[in-house]
Amino acid sequence: MSLHMAVDVARDSRESLTAQIQSFIKREIAEGALHPGTRLPSSRRLADDLGVSRSVVVEAYGQLVAEGYLDAAQGSGTRVNGRLPGRPGPSALLDEGRVPGIRWDLRTGGRNTLAFPRREWLTCYTRVLESAGTTGHGYPPLAGELALRAELAQYAGRLRGVRTDAGRLMVVSGFAQALALLCAALPRLGVDVLAVEDPGHPGQRQFIREAGIAPVPVPVDEEGINVGALAATGVRAVLVTPAHQFPSGAVLSAARREALVEWARATDSWVIEDDYDGGLWYDRGAAPIALQRLAPDRVVYAGTASKTLAPGLRLGWLAAPERLLGELARARGRHDLGSDTYTQLAFAELLRSGLLDRHLRRLREVAHSRRQALEEAVVRHLPGAEVLGPAAGLHASVRLPRHTDEGALVAGALLRSVLVRGGAAFTCLPRPDEPALVIGHAHLPRGGVAEAVQVLGEVSRW
Ligand SMILES: Cc1ncc(COP(=O)(O)O)c(C=O)c1O
């Protein structure tokens, strides 16, 4: 355990050696270099490193413990006090993580790791390491490993109807990076306003704003985004979730698809298609294919492994129109030097071997059974409420009876250890006459879905 040696003890200073060490540690904590909980070197080790007597360090540590900067628990050494305030908050796109004391967490946002195919991933990762040799890989191509791009072109084509090829695909660190790259590339093409769906992902709206682009909300109904309202805004780019609108679940109708593409062509505009849960369709009707198919020259298609595998992989892909490729590549070059080669090649192997398809079949079955449990529980415990949208993805939107006080229901559920978001968490403008809940169901056991909805029913009758 060592500390960096910017601690500059000056023997000829008027400040004592003990005081100098104290000030150094306080400054490093204040500047965020020494984090709460960080273990410090033993007094003997630090004294040796600094060339001072041990008693100097013992005294400095003792004083800092007395002042609450450090903790010195028997047997675990001296640490920066873990109760000191932490550093800046997380990105808008991050979900909030676990909330203590909650029995059922119904929030959307990635907790589907229940079904991560660990054995299959390990098999593929091992194959990659075995064929890699001992020297390790060099930097990956900026757009991604060719082997993965070739697999992704096939996968997106056969599963989602996307028209692309390896040359027009870019591997990215999830949709978040896709959006960051687009927010960097679009202004160079004269676009600095981006229409977004309302309701939509609140974190994405904030992310877009923080990237310097103004998000403009456009209403969504049961046919998806209102293209007339979009056209009226005068924007030249829009972010949509056509296959399974987030969070309402609406599927963009055939007429709206045509209208959206027509708008994009007529106004020289761009459509960003966030296909966040593509591949997770288990409804009786046929899965809608990608919007991109209608206009590969206008639509940037984005896929992600966050719902189908795990958000922690940070793996996504973009199929972009030719005209955007150069700007996206330049933006990527300014961002990082590409995605982790080993993860890319393991994912390529998962696709090539058919193991991903097998996993998707299982995941759809699990998600479908949870969706059925949700529908049954809603009929039983929330009379007058309705589960909206097709059976797809890992969440569903539930329309509540008009008179329901959505805020009171969400707050009451929390008191009963059920954490759920109301529709208000996703809309730009309040819609008090359209109370709703957005329920992530696929990560819960069947009994958990039923129990959580029963609690919601009990709370709603208070
Ligand atoms: C609407 C929407 N888009 C995209 C994503 C995935 O983002 P990423 O690929 O960065 O994990 C999510 C994840 O929760 C989402 O809700």
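Okay, helix-only estimate at 222 nm for the chain: each DSSP H run of n ≥ 4 adds -39500 (n - 2.57), divide by all residues, round to 500 deg cm²/dmol; what do you get?
Value at 222 nm, helices only, nearest 500: -12500 deg cm²/dmol.
Quick one: if you stick a label point 7 Å off each Cα along the C-beta vector at D12 and D48, how many nm between them?
3.0
When DSSP beta bridges are limited to those with both residues in the stretch 118-354, what percentage is antiparallel, rounded to the nearest 5? Please report the intermediate quantities before stating the final value.
Details: 10 of 26 bridges.
About 40 percent, rounded to the nearest 5.
For D268 and A30, FRET efficiency with R0 = 45 Å and r from the beta-carbon atoms, rounded to 0.05?
0.30
Which of rounded, prolate, oblate describes the chain, given a ≥ b ≥ c as roots of the alpha-carbon gyration tensor eigenvalues and a/c under 1.5 marking rounded, otherwise prolate only if a/b is larger than b/c?
It comes out prolate by the Cα gyration axes.
Ordered by residue, what ³J(HN,Hα) values in Hz, to whole numbers, does the stretch 220-225 give under the Karplus form 6.51 cos²θ - 1.76 cosθ + 1.60, where θ = phi - 60° and Gly and Pro are x?
Values, residue by residue: 10, 10, 5, 9, x, 5 Hz.
Quick query: amide H of V300 versus all other amide H atoms, modeled in the peptide plane; which residues come in under 5 Å with a sequence gap of 5 or more or a different chain?
Correct list: V271, I272, E273.
Leaving out ligands, DNA and RNA, and with a 1.4 Å probe, what % of the accessible surface on the chain is carbon or sulfur?
Carbon plus sulfur share of accessible area: 52 percent.
With every protein chain left in place, what is the accessible area per residue of the stretch 309-462 in square angstrom, probe 1.4 Å?
43
Quick one: Karplus J couplings for the stretch 295-311, per residue in order, coefficients 6.51, -1.76, 1.60, θ = phi - 60°, nearest Hz, x for Gly and Pro?
Taking θ as phi minus 60°, the curve returns 7, x, 8, 10, 9, 8, 8, 10, x, 8, 8, 5, 8, 7, 10, 6, x Hz for the stretch 295-311.
Antiparallel as a % of all DSSP beta bridges within the chain, to the nearest 5?
Of the beta bridges lying entirely in the chain, close to 60 percent run antiparallel.
In whole Å, what are the Cα extents of the stretch 181-331 along the three principal axes, biggest one first?
Principal extents (Cα only, largest first): 43, 37, 28 Å.
Considering amide H positions built from the backbone, and no H for Pro or chain starts, which residues 5 or more places from V216, or on another chain, come under 5 Å of its amide H?
So V216 has HN proximity to L194, A195, V196.
Restricting attention to the stretch 37-88, which trypsin sites (Lys or Arg not before Pro) occupy a DSSP loop and are surrounded by at most 14 other Cβ atoms within 10 Å?
For trypsin sites (Lys or Arg not before Pro) across the stretch 37-88 that sit outside H, G, I, E and B with at most 14 neighbouring Cβ atoms in 10 Å, the list reads R83.
Between the DSSP loop rule and a limit of at most 12 other Cβ atoms within 10 Å, which trypsin sites (Lys or Arg not before Pro) in the stretch 264-367 are left? All intermediate terms of the calculation are to be shown ahead of the outcome.
Numbers: sites: R265, R284, R293, R298, K307, R314, R323, R330, R332, R334, R352, R358, R361, R362, R364; in loops: R284, R298, K307, R314.
When the trypsin sites (Lys or Arg not before Pro) of the stretch 264-367 are filtered for loop state and at most 12 Cβ neighbours within 10 Å, R284 remain.
In the neighborhood of S269, defined by Cβ-to-Cβ distances under 14 Å, what is the net charge if each Lys or Arg adds +1 and each Asp or Glu adds -1?
Values: positive: R236, R265, R298, R323; negative: D192, E262, D268, E273, D297.
Neighbourhood net charge equals -1.
The values are calculated or read from the model by the stated rules, or taken from the named source; none is laboratory data. These figures come from a predicted structure and were not determined experimentally. Don't worry about glycine lacking a Cβ; one is built from the backbone with ideal geometry, like all the others, and counts go over all protein chains shown. Side chains are part of the model used for accessible areas, which takes the heavy atoms of the whole protein and leaves out ligands, DNA and RNA. Shrake-Rupley method; radii C 1.70, N 1.55, O 1.52, S 1.80 Å.
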